[in-house]
Amino acid sequence: MRRITHLACILAVTFVSSVAFAAKYDIDPAHSEVGFKIRHLVSKTRGRFDKFSGTVQFDPTNLAKLSTDVTIDTKSINTNSEKRDTHLRSADFFNVEKFPIMTFKSTSAKKIGDNKLQLMGNLTLLGVTKPVALEVEYTGEANDPWGNVRSGFTAVGKINRKDFGMTYNITDKGGVVIGDDVDLLIEVETIKQK
């Protein structure tokens, strides 16, 4: 009986310790970017979403416990071309009137190297939810001049837009103008909640 009680105490302390070291951080959109690039004929066009929010919860000593929840305003798409952005907001692509947001919610994380992990999660776009893998690098933590603790992350991944029902394309001499694969390029700076 004493051994069982001792084991229960150890498990409780371990659990409390892991919870105590996990902290919640808010994404700072002023120092973050949710970007992408996609093939257009013979090159790749870059874009980003200017409005997004979310949180990251993690313990710097145990990155495998990292989790995140992000919401992105699809109307805020920006490819530095108003004409193209208007088309991207239409029903041919993001259909922002019907689907004004997309979300990413992590489901698991696995360490794959020093300060690197594979983050699995569910991306919901155009009402379709699919699993997505991101390769994430933890770029460190620092105190800012205003008394905040900040942490940084870089993430890359790839999705196929057709998996989410985004099938619009045009052909040019037998080929297609727009690629199907979208490279995700994400830079995140977070502020620890007080």
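In whole Hz, with x marking every Gly and Pro, tabulate ³J(HN,Hα) for the stretch 182-190 from phi via Karplus 6.51 cos²θ - 1.76 cosθ + 1.60, θ = phi - 60°.
Here the 3J(HN,Hα) series is 10, 7, 9, 10, 10, 10, 10, 10, 10 Hz.
Compute the helix-to-body angle for 2-21: its Cα long axis versus the longest principal axis of the chain, expressed 0 to 90° and rounded to tens.
On a 0 to 90 degree scale, this one is about 40.
Where is the GNM fluctuation largest for the chain (alpha-carbon springs, 10 angstrom cutoff): 123, 63, 41?
Of 123, 63, 41, the Gaussian network model singles out 41 as fluctuating most.
Label points 7 Å out from Cα along the Cβ direction at residue 33 and residue 87: separation in nm?
2.3 nm
Can you work out ³J(HN,Hα) from phi for every residue in the stretch 46-55, in order, using Karplus 6.51 cos²θ - 1.76 cosθ + 1.60 and θ = phi - 60°, giving whole Hz and x for Gly and Pro?
9, x, 7, 10, 7, 10, 6, 8, x, 10
Could you check the simple spin-label distance between residue 181 and residue 116, using points 7 Å along Cα→Cβ, in nm with one decimal?
The answer from the label model is 1.8 nm.
Got a sec to turn the phi values of the stretch 94-100 into Karplus ³J(HN,Hα) couplings, 6.51 cos²θ - 1.76 cosθ + 1.60 with θ = phi - 60°, whole Hz, x for Gly and Pro?
Per residue, the Karplus-derived 3J(HN,Hα) values read 7, 6, 5, 5, 8, 10, x Hz.
Given the options 91, 23, 142, state which has the largest fluctuation in a GNM of the chain using a 10 Å cut-off (strictly under) for Cα springs.
Checking each option, the largest mean-square fluctuation is seen for 142.
Which of these values of percent of Cα pairs over 29 Å apart was calculated from the structure shown: [x] 33; [y] 21; [z] 44?
[x]
FYI, it's all coordinate maths here, none of it is from the lab. Note that the coordinates shown come from a computational prediction; the quantities given were computed from them, not determined experimentally. Methodologically, a virtual Cβ is constructed for each residue, glycine included, from the backbone with ideal geometry; neighbour enumeration extends over all protein chains shown.
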